[in-house]
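For reference, the structure is listed below as structure tokens.
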Amino acid sequence: MSDLLVANSVSKNFGNFKALNDVSIAVPEGSIFGLLGPNGAGKTTLIRIINQITMPDSGTVFLDNEPLKAHHIQDIGYLPEERGLYKSMKVGEQALYLAQLKGLSKSEAKKRLKYWFDKLDIGDWWHKKIQELSKGMAQKIQFVVTVLHKPKLLIFDEPFSGFDPINANIIKDEILQLRDEGATVIFSTHRMESVEELCDHIALLHEANKILDGKLIDIKHQFKTNTFEVGLVTNNEAKLTQILKEKFEISQADFRSLNNDLKLNIKLKSQESSNDLLRFLTSHAEVNHFNELVPSANDIFIQTVRNN
Ligand code: ADP
Ligand code: MG
């Protein structure tokens, strides 16, 4: 699959401060690309460069294999981190105004807004003033306005930050659906909960540098340690522990189980398979829990940032 957006060796300084140092990313068409990193890593700076709000000091960004030009703005829907709506304007009025700025006719904008307001169950907000809305409610309106003109690239900067878990989930599902309908999505976050369900690709920024990137599934393979979490029932825990210790690297595991069993993390050597382990275990005990420990995006994030 081809890349819709490519950033090549992008650097940006603010005075003496380096906000981006030679950062490159490639966002495949039709993917959900997570731009991850702690506060201050440079995520918003890169996003602002992609949106031509900030100019890079060096490096080039390509959309559809073409260096960014003014007309590309129409191809991008951008939800900024700092979200501003005109407080005294009414919701419907403002949504219609913003939609027309994106090039939609008034009647088309009305039609699409009605669709989205019904979909998100916010139809009765139409005549409210923005200042009457909570932060999360205003954010929903901005989300709608961002996606309304069906741009091929959607960029959400910290899209979940103002939402409660229920509304964050609704937005998450909408993002997945937009992707399924053909949009390419870049979103930034410093919190990892949303990453597992959403991202197929990630790039991790830390102090202006990209320190990790790739397909999330490949990165997980790279970080996995061949460790299995097992629950064992035996009438001689001490003896079984001793036997296992001689053959594997083991440590105490921590998971919930209905049984009062021996809970261990068992790390395999590279030549051993999960079936080898399972066969060994079943010959010595009853196995009632067997689960490969796959590192979460959060584990990977913390480990990689620490090592840098
Ligand atoms: P992130 O979005 O990953 O939290 P940002 O890209 O917003 O990080 O910021 C990266 C760094 O660049 C921060 O230390 C921030 O203070 C700095 N920075 C961002 N924009 C400006 C600016 N316009 N002037 C000076 N410093 C800036
Ligand atoms: Mg930011």
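The values are calculated or read from the model by the stated rules, or taken from the named source; none is laboratory data. Because the structure is a prediction, the values reported are computed rather than measured. Cβ placement follows ideal geometry from the backbone for every residue including glycine, while neighbour counts extend to all protein chains displayed. Note: accessible area is taken over every heavy atom of the protein model, side chains too, but ligands, DNA and RNA are not part of it. Shrake-Rupley method; radii C 1.70, N 1.55, O 1.52, S 1.80 Å.
So the values come out like this:
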{"read-out": "Hydrodynamic radius (Kirkwood) for segment 225-292, which is based on Cα pairs only, to one decimal in Å", "value": "11.9 Å"}
{"read-out": "Per residue solvent-accessible surface (Å²) - segment 225-292, probe of 1.4 Å", "value": "64 Å²"}
{"read-out": "Accessible carbon and sulfur surface of the chain relative to its total accessible area, %, 1.4 Å", "value": "48 percent"}
{"read-out": "Of the trypsin sites (Lys or Arg not before Pro) in segment 178-238, those whose Cβ has at most 16 other Cβ within 10 Å and which sit in DSSP loop", "value": "Arg191, Lys224"}
{"read-out": "The chain - charge dipole about Cα centre, Lys and Arg +1 at Cβ, Asp and Glu -1, debye rounded to 20", "value": "860 debye"}
{"read-out": "Helix-only mean residue ellipticity at 222 nm for the chain, each DSSP H run of n ≥ 4 adding -39500 (n - 2.57), per residue, nearest 500", "value": "-10500 deg cm²/dmol"}
{"read-out": "Accessible-area ranking of His190, His72, His289, largest first, probe 1.4 Å", "value": "His190, His289, His72"}
{"read-out": "For segment 3-221, alpha-carbon Rg relative to the globular expectation (2.2 N^0.38 Å, N residues)", "value": "1.01"}
{"read-out": "Shape category assigned to segment 151-308 from the gyration tensor of Cα positions, a/c cut at 1.5", "value": "prolate"}
{"read-out": "Where GluC sites (Glu not before Pro) fall in DSSP loop in segment 42-107, at most 10 other Cβ within 10 Å", "value": "Glu82"}
{"read-out": "Segment 169-218: GluC sites (Glu not before Pro) in DSSP loop, at most 12 other beta carbons within 10 Å", "value": "Glu181"}
{"read-out": "Accessible area of segment 3-221 divided out per residue, in Å², using a probe of 1.4 angstrom", "value": "47 Å²"}
{"read-out": "Global geometry of segment 17-65, whether rounded, prolate or oblate, following the gyration tensor of its Cα atoms and the 1.5 cut on a/c", "value": "oblate"}
{"read-out": "Solvent-accessible area of Thr282 with every protein chain in place, 1.4 Å probe, in Å² to the nearest 10", "value": "80 Å²"}
{"read-out": "Over 25 Å between alpha carbons, listed pairs Lys111/Lys152; Lys90/Lys152; Lys215/Lys247; Lys239/Lys263; Lys87/Lys114; Lys90/Lys135", "value": "Lys90/Lys152; Lys215/Lys247"}
